[in-house]
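Taking it in order: structure first as structure tokens, then the write-up.
The values are calculated or read from the model by the stated rules, or taken from the named source; none is laboratory data. Remember, it's a predicted structure, so these values are computed and weren't measured experimentally. As a convention, Cβ positions derive from the backbone with ideal geometry for all residues, glycine included, and neighbour counts pool all protein chains shown.
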């Protein structure tokens, strides 16, 4: 079976399950994180989060899906909006944040799966001591995930579907039973209302003082960014749009594919909204789960002195019947173990959608920029490389779920904020070009953008460790990119010759086939006339008048690109023949490739240059950044590597 995901298309609900193993699996730790961040205000803060999801994140990513049916996502939108090196650096920074999001998704989920496993009473009784180590178990789960991906996408999508259906069914039973118990025992909700009304929020530090409903709502609006992990999944959805089947008759139908992707994201958002609100009411109201069981106490030296039994496993706590209330007669060690198994499996597999996002994102950008080796486009080496990174991150964090939460939220929120900004700018450009976006729609997107900017800044301020970790990923991406670009700068980098029209194509074919021209003279337009340059060239290099010269004019395109695909045309002025190359990435590479093609028939030609002016450092930087620099020497090196046989190699003359 081919491992290229682009060879396969799946129904939208199957891809929803693949994205959902990341999105839905956060129920394994989200209720605990919600209580840690919002205390007994968790249901209200979660309600704010759900409103932001449905009326903020979904409309933005619905727009992104419509603009990127090829699956480039918000990062691709920004690349198209901002050209040159500014765009490339912006994309690299966002790739660093995306790598933070996707890698931490895998390591955090594996860590929480390990926490569920080693907390299970049956596992404790029968497992050997070395398997009770959370770091060890998280590493084993990550290795198994990498091995599963080596099998291919079909197996991954099939397993994801089974796991999502099983996990959501069991979670629905737990959340539904908890909500029913609260409804049939109204005194519990009354106790919660009383705590909220009196200002007893079980928060370490409330951003507002006072009590009452409006104060509680104000605090919830201010602290909901701490719950931002519940927003994950949208970026992966648009990155995997190329896997979504359009129609049965035409799987590649873009319009149907976009519509199905939007359906996928909306369905996932609605399902998750129910579970987020429901689980927060069941676990975060100091009723079914006492607040102490979701609390963590540490000494001044950072040593944990008390850790509640429900931390990182709030729904599992209820499923095991550990609540002081008889929620459901089914709940107990047996049912809890079944739920633990489903939770562990979906958390283990949560990295599948993250891995899918990475496998789609990295080959799309870095090799094309020359900022990663060619093997970075290969499926298996990438899986092995990402698995090694996951193991290192797990070891560095000691598989601590809470410690990784800040980095995860930072990655998610920065990507969402970039999607908002890209959508707003794109919408503004379209409106300027006569698009049909109403002013009200642009105002709405502007407000959504402000909400996400606030959420991102608040999260970074509250948990600066997240931006520190993300900066490390960004630094690694930039360092690898710079080293790779320098290392690969001497590759020929030729992608193709494009032609201005059919006559230019035919003329170029004739030039290469006939081999009539034996001297190629690069010419920079505007400095002096061709007549003056030809006279000087013939005098300095003693070229007889009967030897024809062909001049080459080069016009720059986006020099930040790596692969060269110039547009060729030709013209004749008197007895002189001029080849014009436009949209050039690198002058040196263009000259070298043209010289090679013109030398395929007959005697290799000679390329005649003048000396390059400037210091060696300045010329080297100009070459790396702008495709200029010491052109004669670079052309000589390129020809020497591309044509090993000196008898067939074009010559370089400098004078």
- Whichever residue in the stretch 437-459 is touching a residue at least 12 places away in the same chain (Cβ under 8 Å) and within 18 Å of residue 45 (Cβ to Cβ) and, among such residues, is surrounded by the fewest Cβ atoms within 10 Å (Cβ to Cβ): 454
- Does any residue of the stretch 460-472 turn out to be closer than 25 Å to residue 207 by Cβ, touching a helix residue (DSSP H, G or I) at 6+ places or on another chain (Cβ under 9 Å), at pLDDT 85 or above and surrounded by 18 or more Cβ atoms within 10 Å (Cβ to Cβ)? yes
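For the stretch 29-48, check the following and say yes or no: at least one residue is farther than 30 Å from residue 207 by Cα, touching a helix residue (DSSP H, G or I) at 6+ places or on another chain (Cβ under 7 Å) and either free of Cβ contacts under 8 Å to residues at least 12 places away in the same chain or not in a helix (DSSP H, G or I) (or both). Can you show your working first?
Our first condition is that a residue be farther than 30 Å from residue 207 by Cα; within the stretch 29-48, this holds for none.
Taking every residue of the stretch 29-48 in turn, none turns out to be farther than 30 Å from residue 207 by Cα, touching a helix residue (DSSP H, G or I) at 6+ places or on another chain (Cβ under 7 Å) and either free of Cβ contacts under 8 Å to residues at least 12 places away in the same chain or not in a helix (DSSP H, G or I) (or both).
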- Item | The listed residue being assigned to a helix (DSSP H, G or I), crowded, with 22+ Cβ neighbours inside 10 Å and under 15 Å from the mean Cα position of the chain (by Cα), out of 316, 356 | 356
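When residues of the stretch 326-339 are filtered for being over 26 Å from residue 13 (Cβ atoms), part of a helix (DSSP H, G or I) and touching a helix residue (DSSP H, G or I) at 6+ places or on another chain (Cβ under 8 Å), how many remain?
Taking the stretch 326-339 first, the residues over 26 Å from residue 13 (Cβ atoms) are 326-337.
Filter once more, keeping what is part of a helix (DSSP H, G or I): 333-337.
Filter once more, so that each one left must be touching a helix residue (DSSP H, G or I) at 6+ places or on another chain (Cβ under 8 Å): 333, 335-337.
So the answer is 4.
Given 18, 49, which one is closer than 24 Å to residue 174 by Cα, surrounded by 24 or more Cβ atoms within 10 Å (Cβ to Cβ) and at pLDDT below 85?
Values: 49 fails: at pLDDT below 85.
After applying the criteria, what remains is 18.
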- Restricting attention to the stretch 467-495, the residues that are in contact with a strand residue (DSSP E or B) (Cβ under 9 Å, 6 or more places away or on another chain) and either closer than 24 Å to residue 101 by Cβ or part of a loop (DSSP other than H, G, I, E, B) (or both) number exactly 3
- Query: What about residue 529, is it modelled with pLDDT of 85 or more and over 34 Å from the mean Cα position of the chain (by Cα)?
  - Reply: no
- Kindly list the number of the only condition in (1) within 20 Å of residue 24 (Cα to Cα); (2) surrounded by fewer than 24 Cβ atoms within 10 Å (Cβ to Cβ) that fails for residue 241. (2)
